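Enquirer: Below you'll find the structure I mean.
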Amino acid sequence: QGEQLRQARNMETVGQLAGGMAHEFNNLLTAILGYSDLLQKYLANMAHLHGYAKQISDVAHQAASLVQQLLAFARQQVLKPQILNCNNIVHETQDMLRSSLGDQIELINHLEPHLGLIEADPIQLQQVLLNLLVNARDAMPEGGKLRVSTANVDLNERHQERYLNAPPGTYMRLTVSDTGEGMEPDVMSRLFEPFFTTKEVGKGMGLGLAVVYGIVQQNRGDIEIRSAPAAGTTVHIYLPHVARASEPVALPKPAAEAPSG
Ligand code: ADP
């Protein structure tokens, strides 16, 4: 409990700082990206100079995506919660990432066709999934299997035996599982710490899982991570179903009149 509180305070302070800096930094990046685009255009027929301009642009794009993470972390984005089917987010996010997976990583989906709806900001949910997929990819430099699955689960039964903090009820479960390098216990214990990373400079800022944690908490959900060195990692995200009324059952309407009110 005390540890969680400390973590939460820590994240709030870092979040405020990060939010302010990210905004300033974003403005600078916009200028860098603009000028490097111009450079690339005018240097089109000077091969090596054009190459430098392209490098500036690539690095600036990388920095921009880090800033996005910072902003997400600081939660300064305007949230637009919607009632949505997580399966659609899975498809959209995988489309964004597919080209960076290479042919060594096999993508396997097991998506529940009658998935219960949740209420969340689709961009936030994309961010959650993207961070998990990127971590899975980075854990499998030699290739492997990246499984994504969705399911409806009742947390009433699982509750007793698990440490989950989510209140009882029915949940949508999103699972991302890899056959990568897995984690040692000392890494496991620091996972959600802002700026904790084992990746090389420029590859990770250590905000991915802190962002995931924040978003899941904000949506009254929970997260469960299992990992073993050399065996792989499985991350479960639980998000509460919206009220029964919006269950995604696409049955034809019965002839009888529904009671009104
Ligand atoms: P980043 O990806 O920027 O390092 P994260 O907060 O997403 O930040 O992850 C923190 C650390 O947790 C990673 O650097 C890595 O050591 C470990 N990690 C996260 N996901 C996985 C995974 N699927 N397999 C192995 N290690 C992981």
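Enquirer: Remind me, relative contact order of segment 29-138 in percent, using alpha carbon pairs under 8 angstrom and six or more residues apart?
Expert: Relative CO of segment 29-138 lands at 27 percent.
Enquirer: Sticking with this structure for a sec: Tell me the volume per residue, in Å³, of the convex hull enclosing the alpha carbons of segment 89-136.
Expert: Enclosed volume per residue, from the Cα hull, is 80 Å³.
Enquirer: Once amide H atoms are built 1.01 Å from N in the peptide plane, which residues 5 or more positions from L117, or in another chain, come under 5 Å H to H?
Expert: V242
Enquirer: Of N131, Q40, M96, which is farthest on the positive side of the dipole of segment 16-135, counting Cα position, with +1 on Lys and Arg Cβ, -1 on Asp and Glu Cβ, and the Cα centre as origin?
Expert: Q40
Enquirer: Right, another one. Of M140, M21, M172, how do they rank once you tally other Cβ atoms within 10 Å and put the fewest first?
Expert: So the ranking, lowest neighbour count to highest, is M21, M140, M172.
Enquirer: Also, I was wondering about something else. Quick one: which residues, 5+ away or cross-chain, put their amide H under 5 Å from the amide H of T198? H built at 1.01 Å from N.
Expert: Placed amide hydrogens put nothing under 5 Å from T198.
Enquirer: Along the Cα-to-C-beta direction of Q82, a point sits 7 Å from the Cα; which residues of segment 165-189 have their amide N less than 16 Å from that point?
Expert: Residues passing the 16 Å test: none.
Enquirer: Would you compute, for the Cα atoms of segment 177-245, the largest minus smallest coordinate along each principal axis and list the three values in descending order, in whole Å?
Expert: Largest first, segment 177-245 extends 46, 25, 19 Å along its Cα principal axes.
Enquirer: Order these by the 10 Å Cβ neighbour count, fewest first: V242, V176.
Expert: Result, fewest neighbours first: V242, V176.
Enquirer: A further question on this structure: Any of K145/K203; K41/K199; K145/K199 with alpha carbons more than 32 Å apart? Name them for me.
Expert: From K145/K203; K41/K199; K145/K199, over 32 Å: K41/K199.
Enquirer: In Å, what Kirkwood hydrodynamic radius results for segment 110-219 from the alpha-carbon pair distances?
Expert: Computed over segment 110-219, the radius equals 15.6 Å.
Enquirer: ³J(HN,Hα) across segment 126-136 via Karplus (A = 6.51, B = -1.76, C = 1.60, θ = phi - 60°), whole Hz, x for Gly/Pro?
Expert: With the stated coefficients, segment 126-136 comes to 4, 4, 4, 5, 4, 4, 5, 5, 5, 4, 5 Hz.
Enquirer: Between the alpha-carbon centers of segment 68-138 and segment 186-216, tell me the distance in whole angstrom.
Expert: What the calculation gives is 17 Å, centre to centre.
Enquirer: Read phi for every residue in segment 219-235 and hand back ³J(HN,Hα) as whole Hz from Karplus 6.51 cos²θ - 1.76 cosθ + 1.60, θ = phi - 60°, with x for Gly and Pro.
Expert: Whole-Hz 3J(HN,Hα) from phi for segment 219-235: 9, 6, x, 8, 9, 9, 10, 10, 7, 9, x, 6, 9, x, 9, 10, 10.
Read-outs: derived from the displayed coordinates by stated rules, not from any lab. In this text, all values refer to a predicted model and were calculated from it rather than measured experimentally. Positions of Cβ are backbone-derived with ideal geometry, glycine not excepted, and every protein chain shown enters the neighbour counts.
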